[in-house]
Every structure is written in structure tokens, then in C-alpha cells.
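Visitor: Here's a structure for you.
The values are calculated or read from the model by the stated rules, or taken from the named source; none is laboratory data. The model shown is predicted, which means the values in this text are computed figures rather than measured ones. We place every Cβ from the backbone using ideal geometry, glycine too, and count neighbours over all the protein chains shown.
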Amino acid sequence: MIDLYAWGTTNGRRALVMVEESGLPFILNQINIQKGDQKTPEYAKINPFRKIPALVDSEGPGGKPATVFESVAICFYLAEKCGRFLGSASDHPDVLKWSMFHATNVLCTMGSLGRIDHPSFEENALKQLGTMNEHLAGRDWFAAEFSIADIIPFTRINGVSHERVKVSDFPNVAAWLQRVSDRPAVRRAMECKFG
């Protein structure tokens, strides 16, 4: 059984989308970060950095419990566990490179929009959305099939609310966002109530 420890943030929902998509049985343990639940000694045993999300798999590798934290690591772990979302052998490099593009660029930049008022963040966000828009021209997903390369950026892109950086200005990204939003597992994760 998988215990997911999360809250309704973009990182928490990313892990929730992944566990919903995996189809593996799980229990959602809500960690209310507004009340400081992540700072308890009990939670520190799961994630010593005391951030959400985290996951405990009672049936990890070799049948032993496994603990994973960081939402992108959770995406990789669950994709490997369920044997899906990593692409075919020939497509796997595309899944890896787009997953890392999102993890190392998009998540940080888009997360900083609105919090850091500096032209360089807006320029970076526009450049990244432009790169994604160009890549998604004539295709449904970042790789050949729906994969973690789509799951990883989804919650962050879905949460962009900025007066000068608008996802709607990038029609291929906006169409991709809608395709991901329409998936039943994604809907369940995004409609989950926290608190």
C-alpha cells in the first residue's frame, strides 16, 4: 500500500496526479502545511527536509518499505513501479529530456512568477512557454505518449496566473493543458479537497 503525504499545492497535486494515474492503491494523508503538520517529529522521519509531498510504499523494492520525497522523484518512482509513463525504449530519451527540462527550468520559473517581480523571470517564462509551444505543434504530448513529461509540468503550468505571462498566448500549450486536464485521473486529483 502507498501512503501519500500531500497538501493542495502544485507540488502536492503533482504527486497526487501521478498516484491517481498509476492506478495503484493508495491512502492520501493530508499534511496541512498552513498548520505546520510538516514540522512534526513524526513527519520528519518521512521527510527530514519537512516539505510535502512524500510517499511511503509498504511494498517497495525487494518487498521492503520505501520512502520517497520530492514530487518529481515520486513521479519517477511510481512510473517505474507501475511500468507506465516512461515511454517505449525508443521514446524514453524524449521522456527523460522533457521531464528534466520541466523539473530544472519550468517548475522554478513558473513558480516564481508573481512572487518575484523581475523582468528576467518573465522573459524566462515566455521563452520556456515558447519552447514548449513550438515542440507541441502537431503533437498531443511532450513524448510520443502521455508520460511523466506531461505530469511533471502540468500543475505548475495550470497554476500560472500572471498579467503579462499568459498560457493562452501559446495555443499549443493551452491545448495540451486542456488534454491533460480532461484525463479522469487528473480530474480526480485536481478536484480533491484539502482541509
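Visitor: Can you tell me which residue within the stretch 168-184, out of those that are hydrophobic (A, V, I, L, M, F, W, C) and in a helix (DSSP H, G or I), is nearest to F76 (Cα to Cα)?
Guide: V180
Visitor: Also, I was wondering about something else. Tally up the residues in the stretch 123-167 that are of a type in the set (D, E, K, R) and either in a loop (DSSP other than H, G, I, E, B) or at positive phi (or both), please.
Guide: So the count comes out to 6.
Visitor: Please indicate, with yes or no, whether at least one residue in the stretch 72-90 is out of contact with any helix residue (DSSP H, G or I) (no Cβ under 6 Å at 6 or more places or on another chain), buried (at least 19 other Cβ atoms within 10 Å of the Cβ), of a type in the set (F, W, Y) and within 28 Å of W7 (Cα to Cα).
Guide: Yes, that holds for at least one residue.
Visitor: Counting only residues that are farther than 27 Å from D57 by Cβ and in a helix (DSSP H, G or I), how many does the stretch 82-92 have?
Guide: Count: 0.
Visitor: When you go through P65, P93 one by one, which is the residue that is exposed (fewer than 15 other Cβ atoms within 10 Å of the Cβ), more than 17 Å from G12 (Cα to Cα) and touching a strand residue (DSSP E or B) at 6+ places or on another chain (Cβ under 7 Å)?
Guide: Result of the check over P65, P93: P65.
Visitor: So which of D140, D150 ends up being touching a helix residue (DSSP H, G or I) at 6+ places or on another chain (Cβ under 8 Å), crowded, with 18+ Cβ neighbours inside 10 Å and at pLDDT 95 or above?
Guide: D150
Visitor: List, please: which pairs have Cβ atoms under 7 Å, are six or more places apart or on different chains, and start with a residue in the stretch 171-194 that is in the same structural domain as A149 (by TED's automatic domain parsing) and of a type in the set (K, R) and end with one that is surrounded by fewer than 17 Cβ atoms within 10 Å (Cβ to Cβ) and outside any helix (DSSP H, G or I)?
Guide: R179/D140
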